[in-house]
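Accompanying notes for the structure given below.
The values are calculated or read from the model by the stated rules, or taken from the named source; none is laboratory data. Since we're looking at a predicted model, the values are computed, not measured. Positions of Cβ are generated from backbone atoms using ideal geometry, with glycine treated the same way; all protein chains shown enter the neighbour counts. Side chains are part of the model used for accessible areas, which takes the heavy atoms of the whole protein and leaves out ligands, DNA and RNA. Shrake-Rupley method; radii C 1.70, N 1.55, O 1.52, S 1.80 Å.
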Amino acid sequence: MQKKVVEPVLKVIFLGGVGEIGKNMTALEFGGDIIIIDCGSTFPTADTPGVDLIIPDPAYLLLNKDKIRGIVVTHGHEDHIGSIPYFLKECNVPVYGTRLTLALIENKLREMHIDNAQLNVVQPGNVISLGRAFKVEFVKVSHSIAGSCALSISTPVGVVFHTGDFKVDYTPIDGNMIDLQRIAEIGKQGVLLLLCESTNVERSGTSMSEATVGRSMRNIFNENKDRRLIIATFASNIHRLQQVIDLAAEFGRKVAFSGRSMINVAECAARIGELRLDRSQIVDIEKVKNINDRDLVILTTGSQGEPMSALTRMAADDFSKVKLGFNDTVILSAHPIPGNERMVYTVINNIYRHGARVIYESLAELHVSGHACRDELSLIHALLKPQYFIPVHGEHRHLQKHAELAVAMGELPSHIIITDIGDCVYVSHKTFRIGEQVASGSLLVDGLGVGDTDSSVLRDRKHLAEDGLLIAVICIDELSGTVSAIDITSRGFAYDKDNEEFFEKCREDVHRILSNFDLRECDRATLNNTIRKELKNYIFKKTRRSPMILPMVIDC
């Protein structure tokens, strides 16, 4: 009887960036080799109070760390590089990316005192070999940060093409267009699997060119020649910064950078030649008070209304270096990320209170997306003609809409899979299916702790934030076993001095509970639980509130 030949398959493992926008991380595994595509993070939400950062859980990769041949990075945005320092602490593998991408990673490593990382600079067009199974070609694409690349990955079963984040910009600021010719050549040679971003799949047509913003900015410079300009944008958008710097030079203005990330990114990009500037044109933010309004542009963070950003603090009159006034024009050159609208409009309202003018997206073309819209996505599908397709970089609605677009382009529904975090997809010329789930999820970074802030901690934080805290301190004489004092205080629940009668009733209730126990012999854990339960019921009955209750029984 002839033995059945088992066809080798490629495993595509999704650890982040599907079913969500953020913390992108995908692994390819073949035989004894694994490569990782991107290693990103996302920012906390209202459901994660006190958390600094959210990163993918790398448990599966750490179990197979001996197989990992390297991390290939598509570009330098936080959702693609933010968790690299945390991963390298656990698994020091080579990292490959363009100059700006690695420079931004290097800044992060320096902050976390990691000095033994293996950072390898590549350029568009370079091909690197990782292990015996993988060859990775970096392909130039346009995006809202310089140095962005797609990845054409040759494997023993065929080519996997990962677009990274991209758009088709025919008039890019740096003059280097997306390499559609090379993408078409790769398509002609044959693509087994396409992994394509889905962020703007719901938007018809094409995204506008970054040059559009430059024209709007020029009009603003012309119309505000005697006023100080304060421009808030994403620090990572080097091309946007370059346009503002060039216009400032043309109009005879100095430029000051405000905000930690703005200063860091500008210095980093200038050091490697991605940002061209005349050092004599740059002025320290500490010295802007000495410069006439008509001679100054301030580039700042805070376009998303982030609570501690420079612009938010200016608007709240909490930024000593810059005080807003009637001769200021503030430009928000960014679209509010969904969920940030309220914070952004709060900042706008606060700026208006200072008498300044505000120009934002609904009033002018001050921002263009760095992500491909439907026509651009269709172009990539038409050029690559993949055998199989998995949409990535999007919430579930984006992934579903992108799958529908692929079907409209003639791809077979059976050759498209929508994945979740933890899914492992098996791929070969004859195989395309979801296999086993791998260990996955999210780790919460809280201060120096990684992964030690769990759901119970978050639940307690939300409880404290919503209902406050009530502390009952009971002093017991350890000789006589009698109660010597009961003190009840609260934080975030009720102001003690205005509710003396209520707190006196709480003390009486605690005294009643204690009278049912032999205080010399009873189990303190049982006593604490009883006080907590009885006091909770009493307080809810009287106030319809449920503060966190913390009994503290002390031997005096």
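A few remarks follow.
- What you get for the chain, charging only the Cβ of Lys and Arg (+1) and of Asp and Glu (-1), is a dipole of about 1120 debye around the Cα centre.
- Evaluating 6.51 cos²θ - 1.76 cosθ + 1.60 at θ = phi - 60° for every residue in the stretch 297-303, the Karplus couplings come out as 10, 10, 9, 9, 7, x, 5 Hz, glycine and proline recorded as x.
- Full-extension gain in nm, I282 to M112, via 0.36 nm per residue minus C-alpha separation: 58.3 nm
- When each of K67/K89; K505/K542; K67/K385 is checked by Cα-Cα distance, pairs over 19 Å: K67/K385
- Charge-dipole axis of the stretch 332-443 as Lys and Arg at +1 and Asp and Glu at -1 on Cβ define it, positive-most pick from H335, T346, G422: T346
- Nearest-0.05 FRET efficiency for E185 and N292, computed from C-beta distance (R0 51 Å): 0.40
- Disulfide-incompatible cysteines by the Cβ rule (no partner under 4.7 Å) in the chain: C39, C91, C149, C196, C268, C373, C424, C506, C522
- The antiparallel fraction among DSSP beta bridges confined to the chain stands at about 50%.
- 17 Å Cα-Cα reach of K108 towards aspartates and glutamates, excluding residues that sit fewer than 8 places from it in its own chain: D38, D52, E78, D79, E90, E267, D446
- Share of Cα-Cα pairs in the stretch 115-207 lying beyond 21 Å, as whole percent: 37
- Contact order normalised by residue count of the chain, Cα under 8 Å, 6+ apart, percent: 16
- For the chain, adding -39500 (n - 2.57) for each run of n ≥ 4 DSSP H residues and dividing by the number of residues yields -9500 deg cm²/dmol at 222 nm.
- Counting only lysines at least 8 places from K289 when in the same chain, those with an alpha carbon closer than 22 Å to its own are K225, K254, K321, K323.
- Segment Q437-R520, extension gain: residue separation times 0.36 nm, minus the distance between their alpha carbons: 24.5 nm
- Dipole moment magnitude, nearest 20 debye, the stretch 83-215 about Cα centre, only Lys, Arg, Asp, Glu C-beta charged: 200
- With protein chains left intact and a 1.4 Å probe, residues in the chain average 46 Å² of accessible area per residue.
- Under 15 Å from K287, Cα to Cα: aspartates and glutamates that are on another chain or at least 8 residues apart: D295
- Each of [x] 25.6; [y] 24.5; [z] 26.8 is a candidate for Kirkwood radius over Cα pairs in Å; the one calculated from this structure is [z].
- I298 long-range amide H proximity, modeled H, under 5 Å: L229, I230, I231, A256
- For the pair the stretch 74-108 / the stretch 219-274, the C-alpha centres are spaced 25 Å from each other.
- Relative contact order for the stretch 238-381, counting Cα pairs under 8 Å that sit 6 or more residues apart, in percent: 20
- Dipole of the stretch 180-244, positive direction: furthest Cα of G205, I183, I238, with charges on the beta-carbon: I238
- Remark on I549: its backbone amide H falls under 5 Å from those of L470, a criterion applied only to residues 5 or more positions apart or on other chains, H modelled at 1.01 Å from N.
- Sequence-distant contacts, meaning Cα pairs under 8 Å at least 6 residues apart, place the relative contact order of the stretch 477-556 at 32 percent.
- Packing-based ranking, highest mean first, of 506-518, 264-276 given that Cβ atoms within 10 Å are counted: 264-276, 506-518
- Listed values for the stretch 74-88 are Karplus-derived 3J(HN,Hα) couplings in whole Hz (6.51 cos²θ - 1.76 cosθ + 1.60, θ = phi - 60°), namely 6, 6, x, 6, 4, 6, 10, 10, x, 9, 4, x, 5, 5, 5, and x replaces Gly and Pro.
- Note that the stretch 135-147 has calculated 3J(HN,Hα) couplings of 10, 10, 9, 8, 10, 4, 9, 8, 7, 8, 9, 5, x Hz, one per residue in order, obtained from phi through the Karplus relation 6.51 cos²θ - 1.76 cosθ + 1.60 (θ = phi - 60°); glycine and proline are x.
- For the residues E202, E501, a 1.4 Å probe over the protein chains yields an accessible-area ranking, largest first, of E501, E202.
- To the nearest 10, the accessible area of D423 is 10 Å² with a 1.4 Å probe.
- Packing-based ranking of 210-223, 188-201, 523-536 yields 188-201, 210-223, 523-536, ordered from highest to lowest mean Cβ neighbour count within 10 Å.
- Label separation (K541 vs Y426): 6.2 nm, computed from points 7 Å beyond Cα along the C-beta direction.
- When +1 charges are put on Lys and Arg Cβ atoms and -1 charges on Asp and Glu Cβ atoms, the dipole computed for the stretch 194-264 relative to its Cα centre reaches about 360 debye.
- Ranked by how many other beta carbons lie within 10 Å on average, peptides 138-149, 465-476, 305-316 from highest: 138-149, 305-316, 465-476
- On the beta carbon distance between D477 and A59, with R0 = 45 Å, the FRET formula returns roughly 0.30.
- Accessible-area ranking of H335, H354, H393, largest first, probe 1.4 Å: H335, H354, H393
- Potential lengthening between S129 and D375 on full extension [0.36 nm per residue; Cα-Cα distance subtracted]: 85.2 nm
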